[in-house]
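Undergrad: Before I ask anything, let me first share the structure, which is written out below as structure tokens.
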Amino acid sequence: MSTAIRVGLISDTHGLIREQALEALAGCTHIIHAGDIVTPAILDRLREIAPLTAVRGNNDRGDWARSLPEFEVVEFGPLLVYVRHDPSELDIDPAAAGFRVVVCGHSHKPVVETREGVLYVNPGSAGPRRFKLPISVGELRIDGSRVHAKIVQLGL
């Protein structure tokens, strides 16, 4: 029997939480929001689905946003995930620090790629459309030390 867990990934909501995004994240064990939330009501909606980890993005301002960290470390058993909104602000070497996954946002471009044994995932933007980029969220499937990521386009 598999003990895999499903972690939902969302970023760059910019004040808009779409029903399609909530539906895609339903059933997750945990949700990670990689910043540019813009309004705390979005975090409240996500917490209704699953425990939530969120970081502050460059557009998150005000008293509510000051309580959000610039980066976060999330442990799922033996697997460590590093979360930061803007990947250009990474101040560590994720591979050397023992991270298996880095989750980021900022560019609005959904990406899943492996570099130096580390899985980098940008779920894209689930908020207002920017240019011709897709509206999307992401997902991690974690089973012990194994991890698989995918992008879920919301078809909007």
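The values are calculated or read from the model by the stated rules, or taken from the named source; none is laboratory data. On a predicted model such as this, the values are computed, not experimentally measured, just so you know. A quick note on method: Cβ atoms are made from the backbone with ideal geometry, for glycine too, and the neighbour counts reach across all protein chains shown.
Undergrad: Applying the selection to the range 38-64, what residues are under 16 Å from D12 (Cβ atoms), in contact with a helix residue (DSSP H, G or I) (Cβ under 8 Å, 6 or more places away or on another chain) and small (G, A, S)?
TA: A54
Undergrad: Can you tell me how many residues within the range 117-135 are more than 11 Å from the chain's Cα centre (by Cα) and either surrounded by fewer than 18 Cβ atoms within 10 Å (Cβ to Cβ) or farther than 18 Å from R100 by Cα (or both)? Walk me through how you get there before you give the answer.
TA: So in the range 117-135, the residues more than 11 Å from the chain's Cα centre (by Cα) come out as 117-119, 127-135.
Now drop any that are not either surrounded by fewer than 18 Cβ atoms within 10 Å (Cβ to Cβ) or farther than 18 Å from R100 by Cα (or both), which leaves 117, 127-135.
Final tally of qualifying residues: 10.
Undergrad: Could you list, in sequence order, the residues of the range 40-54 that are crowded, with 16+ Cβ neighbours inside 10 Å, out of contact with any Cys (no Cβ under 7 Å at 6 or more places or on another chain) and outside any helix (DSSP H, G or I)?
TA: L52, T53, A54
Undergrad: Working only within the range 1-25, note down all residues that are over 22 Å from R146 (Cα atoms) and either assigned to a loop (DSSP other than H, G, I, E, B) or of a type in the set (D, E, K, R) (or both).
TA: Scanning the range 1-25 gives S11, D12, T13, H14, G15, L16, I17, R18, E19, E23.
Undergrad: Consider V38 against the criteria (1) farther than 24 Å from F131 by Cα; (2) at pLDDT 95 or above: it satisfies all of them except one. Which criterion is unmet?
TA: Among (1) farther than 24 Å from F131 by Cα; (2) at pLDDT 95 or above, V38 violates only (1).
Undergrad: So the check is Cβ under 8 Å with 6+ separation or different chains; which pairs have a first residue in the range 130-156 that's within 18 Å of G27 (Cβ to Cβ) and in contact (Cβ under 8 Å) with a residue 40 or more places away in the chain and a second one that's exposed (fewer than 14 other Cβ atoms within 10 Å of the Cβ) and β-branched (V, I, T)?
TA: D143/T3
Undergrad: Sticking with this one: Can you pull out the strands (runs of 3 or more DSSP E) entirely within the range 99-144 that have at least 1 residues that are modelled with pLDDT of 95 or more and farther than 15 Å from V83 by Cα? Before the answer, list the steps.
TA: On the way: elements: 101-103, 111-115, 118-122, 136-143.
Passing ranges, in order: 111-115, 136-143.
Undergrad: Count, please, the residues in the range 55-89 that happen to be part of a helix (DSSP H, G or I) and either over 13 Å from H106 (Cα atoms) or touching a residue at least 60 places away in the same chain (Cβ under 8 Å) (or both). Before you say what the answer is, go through the steps one by one.
TA: Here is the first cut: in the range 55-89, the residues part of a helix (DSSP H, G or I) are 63-66, 87-89.
Applying the additional criterion that residues be either over 13 Å from H106 (Cα atoms) or touching a residue at least 60 places away in the same chain (Cβ under 8 Å) (or both) yields 63-66.
Result for the range 55-89: 4.
Undergrad: Please state which one of G15, G57 is surrounded by 21 or more Cβ atoms within 10 Å (Cβ to Cβ) and either in contact with a Gly (Cβ under 9 Å, 6 or more places away or on another chain) or under 19 Å from Y82 (Cα atoms) (or both). Show your work before the answer.
TA: On the way: G15 fails: surrounded by 21 or more Cβ atoms within 10 Å (Cβ to Cβ).
Of G15, G57, the one residue that is surrounded by 21 or more Cβ atoms within 10 Å (Cβ to Cβ) and either in contact with a Gly (Cβ under 9 Å, 6 or more places away or on another chain) or under 19 Å from Y82 (Cα atoms) (or both) is G57.
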